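This report refers to the structure that appears directly beneath it.
The values are calculated or read from the model by the stated rules, or taken from the named source; none is laboratory data. Computed from a predicted structure; not experimentally measured. Cβ placement follows ideal geometry from the backbone for every residue including glycine, while neighbour counts extend to all protein chains displayed. All accessible areas refer to the heavy atoms of the entire protein, side chains included, with ligands and DNA or RNA removed. Shrake-Rupley method; radii C 1.70, N 1.55, O 1.52, S 1.80 Å.
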Amino acid sequence: MRKKIVAGNWKMYLNAEEAQTLVSELTSRCRNIIPASVEVILAPSFVHLCSIHQQIQNEPGFFLCAQNLHEAIQGAYTGEVSASMLKSVGCTHVIIGHSERRQYFGEKDALLANKTNQALNHNLIPIFCIGETLETREAGDTFSLIKNQLTEELFHLSAEEIKLVIIAYEPVWAIGTGKTASPEQAQEVHAFIRELLSEKYGADLSNNISLLYGGSVNPGNAQALFACKDIDGALVGGASLKATDFTEIIKAR
Ligand code: PGA
């Protein structure tokens, strides 16, 4: 059975007080309404991880996620954060390969593969993001790009390892733009991802991996996206910063 997941990526938003207010609104709105089958994952900035952990540790269904990690175990890497540090403050998940990391910080195949290894070695579940730019989509290269990202960045993993990974399909042109992929567009790519997983690891394993859609998910479009056969949940940016909107998305799942 694949997990149903709604994850909120707060990016570089919210100060300490705002973050705590958001979490208390969210937990009080969601208490008793989150179906046991849905996991809610919050990805605040590193600096808020400890305090948010305190707030959610006794809330069933809530999990703590980092937005990034360093690929080394430890070392003289000023300003960086390791997998074991994340684990030690209560993180269960970590986002890897977000398009903003790829675009602004030059993160590429080998590095992302190493970050994934490091996360898994420390029992952190990667939420691994892939997706095409508008240019790639318009050139008709979406499927070859997706195949390439999966092959170069994730397919070195063993079956035992990849079954722990959550994959998020996030078309870059839909992130923060208010332009969502249509349910048909999203489903088409999700089905393709599942097919590639099936070819490499077998149908059983493929059918058990949660695939999230990300890119301008909001209370108005969540239901139609979640109705698609291969969409198991969402990675939400902007709308995860508002307790009301994020709760509506969770309810839609
Ligand atoms: P968005 O961001 O929902 O604001 O488009 C999604 C993401 O970056 O994960």
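Would it be correct to say that Phe128 is aromatic (Phe, Trp, Tyr) and surrounded by 15 or more Cβ atoms within 10 Å (Cβ to Cβ)? The answer is yes for Phe128. Checked against (1) more than 18 Å from the chain's Cα centre (by Cα); (2) farther than 27 Å from Lys108 by Cα; (3) assigned to a loop (DSSP other than H, G, I, E, B), Asn218 passes all but condition (1).
Restricting the range 215-247 to residues that are more than 15 Å from Arg2 (Cα to Cα) and touching a Gly at 6+ places or on another chain (Cβ under 7 Å) leaves a set whose member that is most open to solvent (accessible area, probe 1.4 Å) is Gly238.
One line per residue, one yes/no per condition, for (1) more than 16 Å from the chain's Cα centre (by Cα); (2) of a type outside the set (Asp, Glu); (3) at positive phi:
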position	(1), (2), (3)
Lys163	no, yes, no
Ile175	no, yes, no
Glu188	yes, no, no
Ser198	yes, yes, no
Ala203	yes, yes, no
Ser206	yes, yes, no
Tyr213	no, yes, no
Asp232	no, no, no
Gly238	no, yes, no
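I'm checking my understanding of the structure. Among residues of the range 1-18 that are free of Cβ contacts under 8 Å to residues at least 60 places away in the same chain and away from the ligand (no atom under 14 Å from the Cβ), which one is least open to solvent (accessible area, probe 1.4 Å)? Checking each candidate, the answer is Ala16. Note on the range 67-146: enclosed helices (runs of 4 or more DSSP H) holding 1 or more residues that are touching a residue at least 40 places away in the same chain (Cβ under 8 Å) are 83-88, 99-105, 109-121.
Taking the range 203-238 as the range and being over 30 Å from Ala159 (Cβ atoms), within 14 Å of the ligand (Cβ to nearest atom) and in contact (Cβ under 8 Å) with a residue 40 or more places away in the chain as the test, the residues that pass are Ser216, Asn221, Gly237, Gly238. Is at least one residue of the range 170-182 more than 16 Å from the ligand (Cβ to nearest atom) and crowded, with 16+ Cβ neighbours inside 10 Å? Within the range 170-182, none of the residues are more than 16 Å from the ligand (Cβ to nearest atom) and crowded, with 16+ Cβ neighbours inside 10 Å. The set of residues in the range 127-145 being more than 28 Å from Lys4 (Cβ to Cβ) and among the β-branched types (Val, Ile, Thr) consists of Thr133, Thr136. Among the residues here, Glu161 qualifies as modelled with pLDDT of 95 or more and assigned to a helix (DSSP H, G or I).
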